[in-house]
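The values are calculated or read from the model by the stated rules, or taken from the named source; none is laboratory data. None of the values given here were measured: they were computed from a predicted structure. Quick reminder, even Gly has a Cβ in these numbers, built from the backbone with ideal geometry, and neighbours come from all protein chains shown. To get the accessible areas, we keep the full protein, side chains included, count just its heavy atoms, and leave off ligands, DNA and RNA. Shrake-Rupley method; radii C 1.70, N 1.55, O 1.52, S 1.80 Å.
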Amino acid sequence: MSLFLAQAPGSVMLIGAGPGDLGLLTVTGLRALEAADVIVADRLGARSIIDQLTEERGAPLDAVVIDVGKQPGHHPVPQERINEILVEEARRGRRVVRLKGGDPFVFGRGGEEVIACREAGIDVQVVPGVTSANSVPAVAGIPLTHRGLATSYTVATGHDQLTEIGGDRDHTVVVLMGIGTLVHSAMVLARGARGPDCPVAIVEDGFSDSQRVTIGTLGTIAFHAARRSVRSPAVIVVGDVVTLSPYAAGAFDSAAAPHPELARNP
């Protein structure tokens, strides 16, 4: 029996859009989008899901779409206003879907939106999504844990103090929203037990036609990223598990500096 109930008028449903591939959207999320009166959508992942669903249906969704997408360094709709929109639309008796990239509770500020709805007396449900922290490394052939190589992993953002993350190369570090602070993050992690020769992968535009993977080490990744004009959205993976990626084939066979690989999904 499903734990998720059909959405009632005057309520809010937070849905994780995943990394932007319609095939990774949950069935519950899909049904809610098709029944929604209003969709309050993020930029990354969410907008792509709406576009793909529209193309598959051959017609736009019935819902009114309110774009509250953020870009790096530019938040045209503040979080407080997003909270207000959810409450206002629900109070009008509408089925409101808040479509968020990845998973609402993984660096998505979904908890704040849930609290705002509950404090306003609005019924709210949360439908988990596939976070890019797990799915984007996977599409590049990188398991976050692997017997003999890594037994644990940490997900952080480029805004976090990475000095607090312990462990060695067998503790995988996944960095989201970290391209702008890549030089600093690589230096911080290289100073620890991982060292400057620890493998690193950057996966740009995961699950899209423009996906590409850049391979390096903590000591070389900033150079490779600058040379190739690596940009967001991207997921950074640090640790020995990077060597398992098909894009890393031959890159760590010698002491020579590894070279970046460019390819689409394997």
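Just wondering, is there one or more residues in segment 192-209 that are assigned to a helix (DSSP H, G or I) and either under 21 Å from Leu244 (Cα atoms) or not hydroxyl-bearing (Ser, Thr, Tyr) (or both)? No, because not a single residue in segment 192-209 is assigned to a helix (DSSP H, G or I) and either under 21 Å from Leu244 (Cα atoms) or not hydroxyl-bearing (Ser, Thr, Tyr) (or both). Selection of segment 153-166 for residues being among the β-branched types (Val, Ile, Thr), touching a Gly at 6+ places or on another chain (Cβ under 9 Å) and buried (at least 17 other Cβ atoms within 10 Å of the Cβ) yields Thr154, Ile165. Within segment 88-112, if we keep just the residues that are more than 22 Å from Ala156 (Cβ to Cβ) and in a helix (DSSP H, G or I), the residue that is least open to solvent (accessible area, probe 1.4 Å) turns out to be Ala90. Evaluated against (1) within 29 Å of Gly20 (Cα to Cα); (2) of a type in the set (S, T, N, Q); (3) out of contact with any Phe, Trp or Tyr (no Cβ under 9 Å at 6 or more places or on another chain); (4) surrounded by fewer than 16 Cβ atoms within 10 Å (Cβ to Cβ), Gln211 falls short on exactly one condition, (4).
Scanning segment 8-41 for residues that are crowded, with 21+ Cβ neighbours inside 10 Å and not in a strand (DSSP E or B) yields Ala17, Pro19, Gly20, Leu25, Gly29, Ala32, Leu33, Ala36. For the condition within 22 Å of Val106 (Cβ to Cβ), open to solvent by less than 30 Å² (accessible area, probe 1.4 Å), in contact with a Gly (Cβ under 7 Å, 6 or more places away or on another chain) and hydrophobic (A, V, I, L, M, F, W, C), Val126 does not qualify. Search segment 56-87 for residues being part of a helix (DSSP H, G or I) and open to solvent by less than 70 Å² (accessible area, probe 1.4 Å), and hand back the single one that is modelled with the lowest pLDDT. Restricting to residues being part of a helix (DSSP H, G or I) and open to solvent by less than 70 Å² (accessible area, probe 1.4 Å), the top hit is Gln79.
Residues checked against (1) at pLDDT below 90; (2) out of contact with any helix residue (DSSP H, G or I) (no Cβ under 7 Å at 6 or more places or on another chain):
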{"position": "Pro199", "(1), (2)": "no, no"}
{"position": "Gly216", "(1), (2)": "no, no"}
{"position": "Gly219", "(1), (2)": "no, no"}
{"position": "Arg228", "(1), (2)": "no, yes"}
{"position": "Val237", "(1), (2)": "no, no"}
{"position": "Leu244", "(1), (2)": "no, yes"}
{"position": "Ala256", "(1), (2)": "yes, yes"}
{"position": "Arg264", "(1), (2)": "yes, yes"}
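Among the residues examined, Arg169 does not qualify as open to solvent by 50 Å² or more (accessible area, probe 1.4 Å) and not in a loop (DSSP other than H, G, I, E, B). Counting only residues that are over 18 Å from the mean Cα position of the chain (by Cα) and part of a loop (DSSP other than H, G, I, E, B), which one in segment 146-166 is farthest from Leu244 (Cα to Cα)? Result: Gln161. When we screen Ala116, Ala150 for residues that are in contact with a Ser or Thr (Cβ under 7 Å, 6 or more places away or on another chain), touching a residue at least 24 places away in the same chain (Cβ under 8 Å) and either farther than 16 Å from Leu176 by Cα or among the small types (Gly, Ala, Ser) (or both), the only hit is Ala150. Just checking, which of Ile142, Ile122 is more than 22 Å from Ala201 (Cα to Cα), touching a residue at least 60 places away in the same chain (Cβ under 8 Å), in contact with a helix residue (DSSP H, G or I) (Cβ under 6 Å, 6 or more places away or on another chain) and not in a strand (DSSP E or B)? From the options Ile142, Ile122, the qualifying one is Ile122.
No other residue among Val183, Val175 is of a type outside the set (D, E, K, R) and closer than 14 Å to Val136 by Cα apart from Val175.
Apart from one condition, Val173 fits all of (1) farther than 25 Å from Ala251 by Cα; (2) touching a residue at least 12 places away in the same chain (Cβ under 8 Å); (3) not polar (S, T, N, Q); the exception is (1). Only one of the numbered conditions (1) touching a strand residue (DSSP E or B) at 6+ places or on another chain (Cβ under 8 Å); (2) under 20 Å from Leu22 (Cβ atoms) is violated by Ala138, and that is (1).
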